[in-house]
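Undergrad: After the structure tokens below, expect a handful of questions from me.
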Amino acid sequence: TNNGENRVSVNQRALIDKILSRYSSAHAVYRELLQNSNDANASSAEIYFTTNEGNTVTKAVYRNNGEPFEAEDWSRLQKIAEGNPNPDKVGAFGVGAYSMFSVSEEPTVFSGDQALQFVWKDEQLWTKVVGKNTKDTNWTTFVLPSRDPYQLPNLVEFGQFLCSNMTFTTCLNSCKVFVNKELRVCITKSCVQQPQPVQSKRSSKWFKFDGATKSTSCFTLGKIFESRHKLTVKIGSVE
């Protein structure tokens, strides 16, 4: 105490559980990791599930070949709910990074030549450096030991989920899913029409187009472009 003042304590485990309530949809952690891979200019992502005999996932590993973490990325990763001030990036490890805790109690992140692990001490979350990353330095890797072992996702439904999220990526054009080191799902994305300008109505009750502003408009649209892409999915030996 100091002059009758007391510091407010925070139960970080409870706070993270509150954050996770925003990411209650199935596979939310992979949506966030795909977005962050795209923000890192990754072209490829890979997901590895390790299962036991009952087809229960005991560990998941996600990795992408994007740009390695910089100092500010490592710092942001250790700060709950700070987010990224860069408006051009969707994820960039703000609140969404904590979706990792929906499947893993103590995830570990490898990027460049560095590695960081999250650990719990009572109800408080800590991080610790776990040595230098000496292999696969061209990949940023998230190791996710299962918080509560869960059933392996239906691979057809999981592939559909990944495809729907890759629809919104500009850099990411490949995603592979392995089960016990065996390739089970392969998704490739190719451009079939380069971006073309789209003609839009000049305004509506929701927006004003091309720089026109008015107090009754919710937002202003700039230029709009349309491109077309093809997603090819191979599940097992079936394309």
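The values are calculated or read from the model by the stated rules, or taken from the named source; none is laboratory data. Computed from a predicted model, the values in this text were never measured in an experiment. Every residue, glycine as well, gets a Cβ built from its backbone with ideal geometry; the counts of neighbours run over all protein chains shown. Just so you know, the surface numbers come from the protein's heavy atoms only, side chains and all, with ligands and any DNA or RNA stripped out. Shrake-Rupley method; radii C 1.70, N 1.55, O 1.52, S 1.80 Å.
Undergrad: Determine, from the Cβ-Cβ distance of K128 and N6 and an R0 of 25 Å, the FRET efficiency 1/(1 + (r/R0)^6), rounded to the nearest 0.05.
TA: Details: r = 29 Å, r/R0 = 1.16.
So the FRET efficiency works out to roughly 0.30.
Undergrad: Go through T58, T51 and list them by solvent-accessible area, largest first, probe radius 1.4 Å.
TA: Details: T58 60, T51 20 Å².
Of T58, T51, the descending order of accessible area is T58, T51.
Undergrad: Still on this structure: In the stretch 52-81, which GluC sites (Glu not before Pro) fall in coil by DSSP and have 11 or fewer other Cβ atoms within 10 Å?
TA: Sparse-neighbourhood loop GluC sites (Glu not before Pro): E53, E70.
Undergrad: Please list C186, C175 in order of solvent-accessible area, largest first, computed with a 1.4 Å probe with all protein chains present. Write down the numbers at each step before the final one.
TA: Numbers: C186 30, C175 0 Å².
In descending accessible area the options line up as C186, C175.
Undergrad: Would you mind computing, in nm to one decimal, how far apart the modelled labels at N41 and R13 are, each placed 7 Å from Cα along Cα→Cβ?
TA: Taking the two extended label points, one gets 4.2 nm.
Undergrad: For a quick check of your reading of the filter: which chymotrypsin sites (Phe, Trp or Tyr not before Pro) in the stretch 157-201 sit in a DSSP loop and have no more than 15 other Cβ atoms within 10 Å?
TA: Numbers: sites: F158, F161, F168, F178; in loops: F168.
Those satisfying the criteria are F168.
Undergrad: Here's a follow-up. Trypsin sites (Lys or Arg not before Pro), restricted to the stretch 105-143: which are DSSP loop and have at most 16 other Cβ atoms within 10 Å?
TA: On the way: sites: K121, K128, K132, K135; in loops: K132, K135.
Sites meeting the loop and neighbour criteria: K132, K135.
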